[in-house]
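The values are calculated or read from the model by the stated rules, or taken from the named source; none is laboratory data. Keep in mind that what you see is a predicted model, and the values were worked out from it rather than measured. Cβ placement follows ideal geometry from the backbone for every residue including glycine, while neighbour counts extend to all protein chains displayed. For accessibility, only protein heavy atoms count, side chains too; no ligands or nucleic acids. Shrake-Rupley method; radii C 1.70, N 1.55, O 1.52, S 1.80 Å.
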Amino acid sequence: TAVRSGWDTIGDDVPGSVAASVATRLDGLPPEARPLLMAAALLGRQFDWTLAAASAGMPEASAVELLRLAVRAQLVDVDGAGFRFRHALTRDAVLAAGTAPEQARLAGRALEALGTGEPALSGELGPLAASLAVVAGDTDRAADLWLRSARRALDEGSLASAQSLAERARDAGSSTVTDAVDEVLLRVCALSGQTERAGELGLGLLARRTDPAERSEVHLVLGAAALAAGRWDAAEEHATAARTLSAADAARLARGDALAAQAA
């Protein structure tokens, strides 16, 4: 089974010779090195060794000594003030050496430690936390974390990243974020010129939404997408619908007026 960690995918396609070599080196280390290196592998090829230590439930001083032994065993290298696996396949082989329950337990501990130390989970920490939640078996949390990262990317104008992250939130299989994911994807598609898909997403949201303000917002986004595609009549129709639904909301009503003026 493939395991996602950060932006990487770890599969079962580790060559037998590499797997055997890594297994031999792991067997030559103290037993407590196994969970430490497995936790490190869950964090990526270049990993935060303090987080790996916390995930393995050991003091940092002990972790450093074990990592030094792993360096001598040619499993990891010193990387500035930290460590990294010597090769991507080395990392894959270390992770593949563990069982699913071991991976889930370590991922859960890593997720807990990561959430305690970095509550905002900004930058690459958000996708990393989401991938850990997947391995830990917490699909609802994984979907929420992917969604939060997608929203952050959208706010920063990174449309491709926002779309990829939102798709991962959807693929997590949780029904708790379906509408929120579609909202992000709708905005991404509208801004990136994916007019046809924006229309499909918008119609789906309109079919499920009953709140007038929420429906008005969908119409405004769809209208902007139609406007960008040169579909003036469709843009005007969405502007009319948005204004009708926003009679009591001056700000949204003004946006509907502006959309109608641009369409005209």
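Figures for the structure shown
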{"quantity": "Whichever residue in segment 97-118 is part of a helix (DSSP H, G or I), small (Gly, Ala, Ser) and out of contact with any Asp or Glu (no Cβ under 8 Å at 6 or more places or on another chain) and, among such residues, is most open to solvent (accessible area, probe 1.4 Å)", "calculated": "Ala100"}
{"quantity": "Gln163, sole failed condition from (1) at pLDDT below 95; (2) open to solvent by 10 Å² or more (accessible area, probe 1.4 Å)", "calculated": "(1)"}
{"quantity": "Which listed residue is in contact (Cβ under 8 Å) with a residue 24 or more places away in the chain, closer than 30 Å to Val135 by Cα and either open to solvent by less than 60 Å² (accessible area, probe 1.4 Å) or in contact with a Pro (Cβ under 6 Å, 6 or more places away or on another chain) (or both), from Val221, Val181", "calculated": "Val181"}
{"quantity": "Every residue from segment 57-95 that is part of a loop (DSSP other than H, G, I, E, B) and either open to solvent by less than 30 Å² (accessible area, probe 1.4 Å) or in contact with a strand residue (DSSP E or B) (Cβ under 8 Å, 6 or more places away or on another chain) (or both)", "calculated": "Ala73, Leu75, Arg86"}
{"quantity": "Members of segment 184-218 found to be surrounded by 15 or more Cβ atoms within 10 Å (Cβ to Cβ), more than 23 Å from Leu253 (Cβ to Cβ) and either among the β-branched types (Val, Ile, Thr) or touching a helix residue (DSSP H, G or I) at 6+ places or on another chain (Cβ under 7 Å) (or both), listed by number", "calculated": "Val184, Leu185, Val188, Cys189, Ser192, Thr195, Arg197, Gly199, Leu201, Gly204"}
{"quantity": "Filtered residues of segment 28-72 (kept if more than 14 Å from Ala107 (Cα to Cα) and of a type in the set (Gly, Ala, Ser))", "calculated": "Gly28, Ala33, Ala61, Ser62, Ala63, Ala70"}
{"quantity": "Every residue from segment 119-136 that is at pLDDT below 90 and either open to solvent by 20 Å² or more (accessible area, probe 1.4 Å) or part of a loop (DSSP other than H, G, I, E, B) (or both)", "calculated": "Pro119, Ala120, Leu121, Ser122, Gly123, Glu124, Leu125"}
